[in-house]
Amino acid sequence: MTTEAAASTPTAISNTSAKRDYYWIRSFVAGGLAGCCAKTTIAPLDRVKILLQAQNPHYKHLGVISTLKAVPKKEGYLGLYKGNGAMMVRIFPYGAIQFMAFDNYKKLLSKQLGISGHIHRLMAGSLAGMSAVICTYPLDMVRARLAFQVKGEHRYTGIANAFHTIYLKEGGFLGFYRGLTPTLIGMAPYAGFSFFTFGTLKSLGLKHFPEMLGRPSSDNPDVLILKTYVNLLCGGVAGAIAQTISYPLDVARRRMQLGAVLPDSDKCVSLSKTLSYVYNEYGIKKGLYRGLSLNYIRCIPSQAVAFTTYEFMKQVLHLN
């Protein structure tokens, strides 16, 4: 009997370990697909946001709708998706790391540090967002540079050329992390409040209105999940709140990322100097919050699709 138990123990441990490893892979894939679906949905708006934030000389006199109309006329309809290839290369690992890290940080804070309640969602979301940014920042840098270009004035011929040029002309490896500090500072409240708001709305909805807002999970009937339209609504609200709080830092991040591409790059060498310069030169509405209306239009559906897709993939990949 003892021998049988001893023989079965390693097998049980091996099966548990394999299941745990497989869970990480499924969680990674679910997060990556959620990020790709979300960003593809709003890719044209993302391009316009970058053009407006960084005061592109060809479009800085235009508004959101005017720019959406002007880009296809000047660059063709595919111009609205310029930089999206680099975005997809970046967003899959970004979304994968962010969602997977959030689940693991939440468990760590709860089980190891004893931090629970709503605050652990805020902390886990902030940590997950910053982890994803650090791992994928060079790709975001290249994507921003490609999206800022306009037809006929290309500094870079593609993703590989952008990597090569930045490495040679902007300080080597450190050149890919220009603007990282404001990105991390901005990501902490953005990701934190995004996960916090969605998680809080989800738990409150299922607790107080389970029959109206919830339904049994397809992969585990014992688990109650939000209905699709409620997921979309909660994700949209989460995105709006998070974006309002962190938007000025996002503006500073973009200007620092674009670096040498901008004529006033010498005034955007640090977070404080960039925020001060943008405020003094353009003010609050036309500087620090320029393009915010577009950002609401893009971040609300983006976060709605991201959270809804992740919740759906959790069922498909049996993560509940």
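The values are calculated or read from the model by the stated rules, or taken from the named source; none is laboratory data. This is a predicted model, so every value here is computed, not measured. No Cβ is skipped: glycine too gets one built from the backbone with ideal geometry, and neighbour counts run over all protein chains shown. The accessibility values were calculated without ligands, DNA or RNA, using every heavy atom of the protein model including side chains. Shrake-Rupley method; radii C 1.70, N 1.55, O 1.52, S 1.80 Å.
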| Which trypsin sites (Lys or Arg not before Pro) in the range 28-60 pass both tests, a DSSP loop state and at most 16 other beta-carbon atoms within 10 Å? | 60
| query | What is the pair-distance distribution P(r) of the range 210-316, computed from all Cα-Cα distances in 10 Å bins starting at 0, with each bin given as a whole percent? | reply | 14, 32, 22, 16, 12, 4
| Selected from 270, 192, 308, residue furthest toward positive end of dipole (the range 168-317; charges at beta carbon) | 270
| What net charge is computed for the residues neighbouring residue 311, neighbours being all others with C-beta under 11 Å from the C-beta of residue 311, Lys and Arg scored +1, Asp and Glu -1? | +3
| said: With θ taken as phi - 60° and the coefficients 6.51, -1.76 and 1.60, list the Karplus ³J(HN,Hα) couplings across the range 25-42 in order, rounded to whole Hz; mark glycine and proline as x. | reply: 5, 5, 5, 4, 5, 4, x, x, 5, 4, x, 5, 4, 5, 6, 5, 4, 10
| task | Express the carbon and sulfur contribution to the solvent-accessible surface of the range 180-320 as a percent, rounded to the nearest whole number, probe 1.4 angstrom. | result | 66 percent
| message | Looking at the chain as a GNM with Cα springs under 10 Å, which of 40, 165, 197 has the largest mean-square fluctuation? | response | 165
| request: Using the heavy atoms of the protein chains and a 1.4 angstrom probe, tell me the accessible area per residue for the chain in square angstrom. | output: 48 Å²
| ³J(HN,Hα) computed for each position of the range 202-207 - Karplus, 6.51 cos²θ - 1.76 cosθ + 1.60, integer Hz, glycine/proline x | 5, 5, 5, x, 6, 6
| request: Given a cut-off of 18 Å, name the pairs among 39/82; 202/227; 69/151; 151/285; 60/285 whose C-alpha atoms lie farther apart than that in the structure shown. | output: 151/285
| request: Please list, in chain and number order, the residues 5+ apart from residue 225 or on another chain whose amide H is under 5 Å from its amide H, with Hs placed from the backbone. | output: 215, 217
| message | Using square roots of five times the C-alpha gyration tensor eigenvalues, list the equivalent-ellipsoid semi-axes of the range 104-183 in whole Å, biggest first. | response | 37, 13, 9
| request: Determine which residues of the range 156-189 fall in the zone a paramagnetic label at residue 264 would reach in this model, i.e. backbone nitrogen under 20 Å from the point 7 Å along Cα→Cβ. | output: 179-180, 182-183
| Karplus couplings for the range 185-196 from phi (6.51 cos²θ - 1.76 cosθ + 1.60, θ = phi - 60°), rounded to Hz, Gly and Pro as x? | 5, x, 5, 4, x, 5, 5, x, 6, 5, 5, 4
